[in-house]
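Just so it is clear, none of the values below were taken in a lab; they were calculated from the coordinates. Note that the structure is a prediction, hence the values are computed from the model and not measured. Counting neighbours? That spans all protein chains shown, and the Cβs are built from the backbone with ideal geometry, glycine included.
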Amino acid sequence: MSSKATVVLGAQWGDEGKGKIVDQLANDTDVCCRCQAGNNSDHWIEINNNTYMLNMLPSGILSSGQKCTAVLGNGCVIHLGQLLAEIDRIGSKTIGINNLKDRLLISDRAHIVFDFHQTIDRLQEQQKGSNSIGTTKKGIGPTYTTKVSRIGIRMGDLCGDFKQFEVKFCELFKYLKTHYPSLSQELFDAELDKYKKIADEIRPCITDTVLYLNSQLSSGSRIVIEGANATMIDIDFGTYPYVTSSNCTVGGCCTGLGIPVHQIGQVYGAVKAYTTRLGGGPFPTELTDQWGQHLFETGKEIGPVSGRKRRCGWLDVVILRYSTMINGYTALGITKLDVLDAIPVIKIGISYQLDGKQYTHSMPANSSDLARVEVQYITLDGWLTSTGSVRKFADLPDNAQQYVRTIEKLVGVPVKWVSVGPKREEIMTLF
Ligand code: GDP
Ligand code: IMO
Ligand code: MG
């Protein structure tokens, strides 16, 4: 009896609460996977007064019983030193998640992020000056660049004959040094030394995850794929060039794990009840007034990977429709509804106007055009009541229910969860 994988994806510009939605599925998950990106991602989950920040490990590893296997698929880019540090950090928490390495499988086809990729990320951002993307400087773009340039190094290379790894490593460094002469030889030597030790430590986790996942699907295991980043920073569909370097949309699940399209089942879109964006690039519904500041403060919108402020604005249904069109959401999870509790009048962006053309389900591909659109809004009355303790949809204030139902109607996708706080239990399931 074969199964289909359940997917959770970010519908906006990231940090929608994907981790929290994945955590709702955790007790029904045998295998939790990441299919793309690296530790540019941060997923926060609060369980029993412990707050976990996961960068690379999929959130399913926190499920009770600690039986869930974590998979980092071929589409991921992984800094092994930082992954091992994350394993130590999560393993040291009081609820004793201490068998992480026994439950972690890393694709032998996943690419390695080296320290010099992170150095290059910083250099590229410096070179771009005022046009910088505002990357997380985790080396994501440079690693995907070496991957598609066919000079990258994969996990399988590290776990085989170290001499061969050394040759590839030297070739990669030589190639990069021609483009970035300031890369120091010391950086190279120190890194090579480090990898001798890391190889032994990580070897037991590295395997053919394509074979593993397909056999798990065939035997009916419950698989959850946890998206990192989000649709609007997808390398193809996002606000290019202000994007990340992987496909954070549904196609990335198949290419990043090696599973067939027909084995994708439910696709859940995580949607923040308003909009935020970390880093540069166009943001049509951005608020720079007191309500933007209110969303920032109430929503605690600081990106922990970089300590940067997230820009805040009203919910934008144009990007939600676009995101739905690409990913085919079967249901949505709306998070952070509680952040709107004290706002008397709430707006939702429903269309854009630019040079006489109206956009309702898509947007100009060119970022400077997108930055010029005029947004049309609808206005709803707020509820001016705290929602944090509500656990049933019917118990939400009428105007809060109305807000959720309006989103459902405008986007055309049912809402399955409404979250009203960061803790695991601060959520309601609608169906
Ligand atoms: P992800 O990257 O999509 O997994 O999202 P993040 O975890 O980076 O960002 C979401 C932030 O909002 C985290 O700090 C969560 O703890 C927090 N959060 C999630 N759901 C809610 C909610 O319903 N209300 C509030 N106030 N905070 C939430
Ligand atoms: P999660 O999974 C929000 C943004 C960065 C930058 C751009 C490119 O937590 O939702 P990169 O380092 O990937 O080359 O940066 O993408 N970005 C994110 N923004 N949430 C994320 O992940 C992000 N991952 C990357 O801020 O603008
Ligand atoms: Mg995040």
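Could you tell me how many degrees, from 0 to 90 and to the nearest 10, lie between the Cα long axis of helix 80-91 and the main elongation axis, the longest principal axis, of the Cα atoms of the chain? Orientation of helix 80-91: about 60 degrees from the principal axis. Residues HIS262, HIS361, HIS79, arranged from fewest to most other Cβ atoms within 10 angstrom of their Cβ, appear as HIS262, HIS361, HIS79. Extending 7 Å from Cα along the Cβ direction at THR429 and again at LYS163 yields two label points whose distance is 5.6 nm. Computed on the Cα trace of the range 111-203, the radius of gyration divided by the Kirkwood hydrodynamic radius gives Rg/Rh = 0.98. From most to least packed by mean Cβ count within 10 Å, the peptides 394-403, 141-150 give 141-150, 394-403. The alpha carbons of the chain occupy a box of 66, 49, 39 Å along the principal axes, longest dimension given first. Extending 7 Å from Cα along the Cβ direction at ARG372 and again at SER219 yields two label points whose distance is 5.8 nm. Simple rule: put +1 on each Lys or Arg Cβ and -1 on each Asp or Glu Cβ in the range 320-431, find the dipole, and look at THR385, PRO414, ALA342; the Cα lying farthest toward the positive end is PRO414.
Among CYS35, CYS159, the ranking by other beta carbons within 10 Å of each residue's beta carbon, starting with the fewest, stands as CYS159, CYS35. Dipole magnitude for the chain: computed about the Cα centre from +1 point charges on Lys and Arg Cβ and -1 point charges on Asp and Glu Cβ, it is near 300 debye. Simple spin-label estimate for LYS300 and TYR175 gives 4.3 nm between the two label positions (7 Å along the Cα-to-Cβ direction from each Cα). For the listed residue pairs LYS272/LYS309; LYS272/LYS416; LYS20/LYS300; LYS18/LYS409; LYS18/LYS272; LYS138/LYS300, the alpha carbons are over 20 angstrom apart in LYS18/LYS409; LYS138/LYS300. Taking Cα atoms only, the orientation of helix 162-179 departs from the longest principal axis of the chain by about 60 degrees. Highest average first, the peptides 412-422, 312-322 ordered by how many other beta carbon atoms sit within 10 Å of their residues are 312-322, 412-422.
For every helix of n ≥ 4 consecutive DSSP H residues, a contribution of -39,500 (n - 2.57) applies; sum these over the chain, divide by its total residues, and give [θ] at 222 nm rounded to the nearest 500 deg cm²/dmol. Kindly include the intermediate steps, with their values, before the conclusion.
Working: 13 runs with 137 residues, N = 431.
After summing the helix terms and dividing by the residues of the chain, the value is -9500 deg cm²/dmol.
At an R0 of 35 angstrom, the distance between the Cβ atoms of GLN402 and LEU354 translates into a FRET efficiency of 0.75.
Considering only CYS312, THR51, ALA11, the residue lying farthest towards the positive end of the dipole of the chain is ALA11, judged by Cα position with unit charges set on Cβ.
Axis angle, to the nearest 10 degrees, between helix 209-218 and the longest C-alpha principal axis of the chain: 50 degrees.
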